[in-house]
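What follows is one structure encoded as structure tokens, with my remarks underneath.
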Amino acid sequence: MGAACARELARAGRSVAFMDPDTDEGQAWRAAAGMLAPEIESRDSDDPTVALGVAGRDRLVVLAERLKESIGAEIGLWQEGIAHAAFDEADETLLRARVAHQRQQSLHVDWLDAEEAKTRWPWLGPAYGALWAPAGGGVDPQRLVEALRADAVHLGATLITDRALSIERHGDKVAAVRGAERYPATDVVIAAGAWSGLIEGLPRPLAVAPIRGAMAALPAPEGVGRAIVYGKGAYLMGRGDEVTVGSTMEYAGFKNEVTAAGLARIFAGASQLCPALARSPVTRTWSGLRPVSADGLPLLGRDPSLEGLWYATGHGRNGILLSGITGVLIRQLIVGEPTVIEDLSAFDPGRFWKW
């Protein structure tokens with residue numbers, strides 16, 4: 001989020017510095033698989049993040065081209081579709097209803113019956129069918145963040161290797177950010193992921209907590225190829241000669257570790273998706289800490305009481321998907337332009353403090 005916001009604001013001609021402690025403490029982007037699946041990740045029929053996620057995916061398609069033109073960077077974008085398979089009648093009913101609702105919203109999704117799903121993915125377990133989102137895909141999160149950083153610097157932003165510890169204010173306005181040194185600023189964007197709420201000097205406690213997500217990699221069974229399929233409690237991402245499976249949602253504070261219990265839950269769901277994985281050895285495991293807000297929606301926009309303070313955090317498990325569009329929205333809000341998404345009220349940072 002910080003890199004995306006810095007790049008957009010530098011493009012707008014603002015003087016920008018962005019801070020990064022340059023440590024691997026479990027930041028979500030370092031652990032992410034990089035799926036672009038807004039239709040799959042939706043929580044319910046009225047989830048406002050679906051439209052935001054579609055806009056986010058569209059923005060990443062544009063970014064892939066612009067980053068290549070600007071600095072020659074490849075972010076590993078591909079769009080060959082994502083599925084969510086049903087393995088019982090209850091899941092089938094739920095997913096069919098989701099297809100119908102999303103099609104009413106003009107989203108491009110389809111229902112594949114059991115035979116169509118098996119034809120498309122011969123390695124798939126005995127599914128009742130699958131929600132199919134043809135525009136779904138993925139990016140390489142490491143390449144994306146590195147490219148956003150590099151292009152931000154190319155556009156004039158300054159990358160500071162330091163940790164933001166506190167916000168300094170002068171009356172009702174932001175004055176500076178303090179880390180190892182003091183950095184004066186008229187506008188400050190809080191984009192510290194799961195650590196956003198630890199920054200001192202914020203006007204009130206920030207409703208963002210770390211939620212651990214564990215993942216594992218295994219050798220790809222024959223025929224899996226490049227694919228992303230979700231199931232009950234797990235997903236499978238085939239990429240090259242490796243399959244990534246994930247992921248947990250664990251309230252574990254800032255303990256960035258992989259547990260046997262968490263892996264067991266992942267493998268149970270992954271083996272249902274692809275039974276051949278039950279015989280595959282695990283090659284590596286890792287985890288990351290997602291920034292999840294109290295209601296599961298991002299915090300995007302200005303602080304309601306401290307002028308110059310902005311939030312771009314709380315994106316949960318959709319940080320990569322929403323990175324590019326968040327950068328655009330924060331830039332538009334700060335410079336006073338109309339936003340590409342007109343109604344951002346669902347993501348208003350002040351919603352938790354309105355009584």
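Read the figures in this text as sums done on the coordinates, not as results from a lab. The structure presented is a predicted model; accordingly, all values stated were derived computationally and were not measured. Quick reminder, even Gly has a Cβ in these numbers, built from the backbone with ideal geometry, and neighbours come from all protein chains shown.
For the chain, find the longest principal axis of its Cα atoms and tell me its angle to the long axis of helix 141-154, 0 to 90°, nearest 10.
Between helix and principal axis, roughly 30 degrees.
Extending each Cα 7 Å along its Cβ direction at VAL335 and GLU257, get the distance between those two points in nm, one decimal.
It is 4.7 nm.
For ARG290, list long-range residues whose amide hydrogen, built 1.01 Å from N in the peptide plane, is under 5 Å from its own amide hydrogen.
Sorted by chain and number, the residues that satisfy this are ILE211, ARG212, GLY213.
So what are the ³J(HN,Hα) numbers for the range 66-77, from phi and the Karplus equation (6.51, -1.76, 1.60; θ = phi - 60°), rounded to whole Hz, Gly and Pro as x?
These are the phi-based 3J(HN,Hα) values: 5, 5, 5, 5, 6, 10, x, 8, 9, 9, x, 5 Hz.
For the range 208-216, take each phi angle, set θ = phi - 60°, evaluate the Karplus expression 6.51 cos²θ - 1.76 cosθ + 1.60, and give the result in whole Hz per residue in order, putting x for glycine and proline.
Result, rounded to whole Hz: 10, 10, x, 10, 6, x, 9, 9, 8.
Grab the DSSP H runs of the chain that are 4 residues or longer, score each as -39,500 (n - 2.57), total them, divide by all residues and round the 222 nm result to the nearest 500 deg cm²/dmol.
-9500 deg cm²/dmol
5 Å is the cut-off here: which amide hydrogens, built 1.01 Å from N in the peptide plane, fall below it relative to LEU202, excluding neighbours closer than 5 in sequence?
ILE167
What whole-number distance in Å separates the alpha-carbon centres of the range 251-271 and the range 93-135?
27
Name the residue from SER166, THR93, LEU206 whose Cα lies farthest towards the positive end of the charge dipole of the chain, charges +1 on Cβ of Lys and Arg and -1 on Cβ of Asp and Glu.
SER166
How many nm separate the modelled label positions at GLU146 and ALA97, each set 7 Å beyond the Cα in the direction of the Cβ?
Label-label distance for GLU146 and ALA97, simple model: 4.5 nm.
Quick one: net charge around TYR230, please, counting Lys, Arg +1 and Asp, Glu -1 for every other residue with C-beta under 13 Å from its C-beta.
0
Based on the alpha-carbon set only, what is the convex hull volume of the range 208-293 divided per residue, in Å³?
Measuring per residue, one finds 89 Å³ for the Cα hull of the range 208-293.
Counting only Cα, what are the radius of gyration and maximum Cα-Cα distance Dmax of the chain, in Å?
Looking at the chain, its Cα Rg and Dmax stand at 20.5, 65 Å.
With the chain treated as a Gaussian network of Cα nodes joined by springs under 10 Å, which of ARG331, ARG59, ARG103 yields the largest mean-square fluctuation?
Result for the chain, Cα springs under 10 Å: ARG103 fluctuates most.
Relative to the present Cα-Cα distance, how much length would full extension add between ALA294 and GLU25 at 0.36 nm per residue of separation?
94.6 nm
Going 7 Å from the Cα of LYS354 along its beta-carbon direction, which residues of the range 316-335 have the amide nitrogen within less than 14 Å of the resulting point?
None, by backbone N distance to the label point.
Report the net charge of residues surrounding GLY324, where surrounding means a beta-carbon distance below 13 angstrom and charges are Lys +1, Arg +1, Asp -1, Glu -1.
Around GLY324, the charge tally is +2.
Beta carbons within 10 angstrom, averaged per residue: use that to sort the peptides 64-72, 206-214, 318-326, highest first.
Order by mean packing, descending: 318-326, 206-214, 64-72.
Enter the Cα centre distance for the pair the range 18-81 and the range 171-202, rounded to the nearest angstrom.
First find each Cα centre; the distance between them is then 25 Å.
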